[in-house]
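First the structure, in the form of structure tokens, and then the observations on it.
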Amino acid sequence: MNIFETHAHLDFDDFDRDRDDIINKCSKSGIDKIINVGIDIQSTENSIKLAERYVQIKATAGFHPCAVDKYDEDKLRKLIQNKHIVAVGEIGLDFYRMYNPKDIQLKVFESQIKIAIEADKPIIIHDREAHQECYDIFTK
């Protein structure tokens, strides 16, 4: 049986001390692949670096609701062309913490979905207290 970790943030500072050990332990315990999820430009670039270093890691590119105020459509379009990027994400809506206003979150979420569709990439959705709004976007 193959085991695939679909949502990791191994690029976060929390893993600076033991990142290599954790990745090696994952491999030894049977985890074949890890998707390291980008949440902004820096996180995406760090995820790509991890994917370049470790064959079992793949990366994603996207702007999490907490980072939509820094959204750069052109940069996202460029990043998703990297061979290590397997999806657009983590993208979505977070109306619980309200990192950014709803209208900006909605606009950026829809923009990133459009980019993912154009690039034929799957998306990784962050939905917190925004179930109806996420549903409405996909059923328009």
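The values are calculated or read from the model by the stated rules, or taken from the named source; none is laboratory data. This one's a predicted model, so the numbers in the text were calculated from it and none came from an experiment. Note that each Cβ is placed from the backbone with ideal geometry, even for glycine, and that neighbours are counted across all protein chains shown.
If you go through region 54-71 and pick out every residue that is among the charged types (D, E, K, R) and over 30 Å from Lys28 (Cα atoms), you end up with 2. In the set (1) under 19 Å from Glu129 (Cβ atoms); (2) at pLDDT below 95; (3) in contact with a strand residue (DSSP E or B) (Cβ under 7 Å, 6 or more places away or on another chain), Phe4 fails one condition alone, (1). For region 53-66, a tally of residues being over 9 Å from the mean Cα position of the chain (by Cα) and aliphatic (A, V, I, L, M) returns 2.
Against the criterion of being surrounded by 13 or more Cβ atoms within 10 Å (Cβ to Cβ), assigned to a loop (DSSP other than H, G, I, E, B) and of a type in the set (Val, Ile, Thr), Ile23 does not qualify. Residues in region 26-35 that are assigned to a helix (DSSP H, G or I) and in contact (Cβ under 8 Å) with a residue 24 or more places away in the chain were compared, and the one that is surrounded by the most Cβ atoms within 10 Å (Cβ to Cβ) is Cys26. Annotation: of all residues in region 36-87 being assigned to a loop (DSSP other than H, G, I, E, B) and among the hydroxyl-bearing types (Ser, Thr, Tyr), the one that is surrounded by the fewest Cβ atoms within 10 Å (Cβ to Cβ) is Tyr54. When you check Ser27 against the structure, is it at pLDDT below 95 and either over 24 Å from Phe138 (Cα atoms) or of a type in the set (Lys, Arg) (or both), yes or no? Yes; evaluated as a whole, the condition is true for this residue. Take the conditions within 15 Å of Leu10 (Cα to Cα), over 12 Å from the mean Cα position of the chain (by Cα), at pLDDT 95 or above and among the aliphatic types (A, V, I, L, M) and apply them to Leu50. Does it pass? So Leu50 passes the test.
Just so you know, in region 93-140 the residues that are among the aromatic types (Phe, Trp, Tyr) and not in a helix (DSSP H, G or I) include one that is nearest to Asp69 (Cα to Cα), and it is Tyr99.
Look at (1) touching a Cys at 6+ places or on another chain (Cβ under 9 Å); (2) loosely packed, with under 13 Cβ neighbours inside 10 Å and you find that Asp16 fails only one, number (1).
Restricting Asp69, Asp32, Asp20 to those that are more than 13 Å from the chain's Cα centre (by Cα) and closer than 25 Å to Asp136 by Cβ reduces the list to Asp69.
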